[in-house]
Amino acid sequence: MSHLFDFLRKYHYLLLFIVLEYVSLSLLIRFNSFQGSVWHTGANTVVAGIDRWYLDLWSYVHLRAVNRDLTAQNAQLMLENDRLREAMMTLKRDSTDVERAMARNLVDYEMIPAKVISNSKGTKNNYLVLDRGSAHGVKPEMGVVGGGGVVGVVYLVSDAYSLVIPVTNQKSSISCRIQGQRYFGYLQWDGKSMRRATVDDIPRHAQVEKDFVIETSGYSSVFPPGIFVGKIEKVNNSADGQSYKLDIALGTDFSTLREVNVIATPYKAAIDSLFSKISE
């Protein structure tokens, strides 16, 4: 305590001077707007400089951690970019393969090119309208294909237009099979995704795996055999457990469908004539 008193006794004039200076400056700043604004501006500048110095110091101290995080994020982005590039190449390759296989299967058929001028999406009973009709040779029950494979079946025609029931219509039922096997079923749409459908009643002794190709069976006069429909996405058991129910990823993207071809099956009239004789 004696040391404190000695310090105060020795420097009391200096301490008094500092206190008076503080009081004077406080009164000057408080009751004089110009001096007050100068003080606040200067104080803010000093505080901002201190904050900036602190942030620079903090950034420098944590620079190693930031670089580590950036490196990890860059590696993740590079991995995702590689995956996206591979997926795009696979999609391009699959599309090219589908078009080539379809061209081979349809080489003996007359194709009527058409454009989709109306495309309903998101309903349980979707329809397509084409800019080709009876004047161009289009008739009901003709098959329609696109760059991704099967599209649907012509339902009604006028002179210049035709109405198509696509596979994304719950009324659609197209005979199809597992590529390379004799097992077949009927493609059905459940009204959910525009890129998904199902095939029921596949026997349990059939060999089915993910990514197996589903194609038209040729068991009708609408589509010739071997036209790409889609790929197996998932293998499920049927409700009774006696067969498989296949989830199919459709080859046709109906959200971007523009150009199609109507298949003029050369022997359809002869087959229809035979069926008419049976019903007589």
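Nothing in this text is a laboratory measurement; each read-out follows from the coordinates by a stated rule. All figures in this text were calculated on a predicted structure; none of them were measured in a lab. Because the Cβ atoms are built from the backbone with ideal geometry, glycine has one as well, and the counts that use them run over all protein chains shown.
The table that follows gives values for the structure above.
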item	result
Sum of side-chain charges, Thr168 neighbourhood, beta-carbon under 14 Å (Lys, Arg +1; Asp, Glu -1)	+4
Among the listed pairs Lys210/Lys245; Lys171/Lys245; Lys115/Lys245, those beyond 24 Å (Cα-Cα)	Lys115/Lys245
Vicinal HN-Hα couplings computed from phi for the range 188-194 (Karplus, 6.51 cos²θ - 1.76 cosθ + 1.60; Hz; Gly/Pro x)	10, 10, 8, x, 9, 6, 6
Cα→Cβ-extended label distance, 7 Å offset, between Asp201 and Arg258, nm	3.9 nm
Footprinting exposure proxy for Thr216, Thr123, Thr265 (fewest neighbouring C-beta atoms within 10 Å first)	Thr123, Thr265, Thr216
Long-range HN-HN contacts of Ile248 with modeled amide H, under 5 Å	Ala197, Thr198, Val199, Glu233
Backbone HN-Hα couplings from phi across the range 238-252 [Karplus 6.51/-1.76/1.60, Hz, Gly and Pro as x]	5, 4, 8, x, 9, 8, 9, 10, 9, 8, 10, 8, 5, x, 8
Interchain or long-range residues, amide H under 5 Å from Met142's placed H	Val154
Cut-off 19 Å, label 7 Å out along Cα→Cβ of Asp131, residues of the range 105-125 by amide N	111-120
Around Val157: net Lys/Arg minus Asp/Glu count, Cβ-Cβ under 11 Å	0
Modelled FRET efficiency - R0 35 Å, Gln181 with Glu141, Cβ distances, 0.05 increments	0.85
Percent of alpha-carbon pairs separated by more than 29 Å within the range 106-266	16 percent
Under 5 Å, built H, 5+ apart or other chain: amide partners of Gly230	Ile214, Gly251
Phi to ³J(HN,Hα) by Karplus 6.51 cos²θ - 1.76 cosθ + 1.60 over the range 201-210, Hz, x for Gly, Pro	6, 7, x, 6, 8, 6, 8, 10, 9, 4
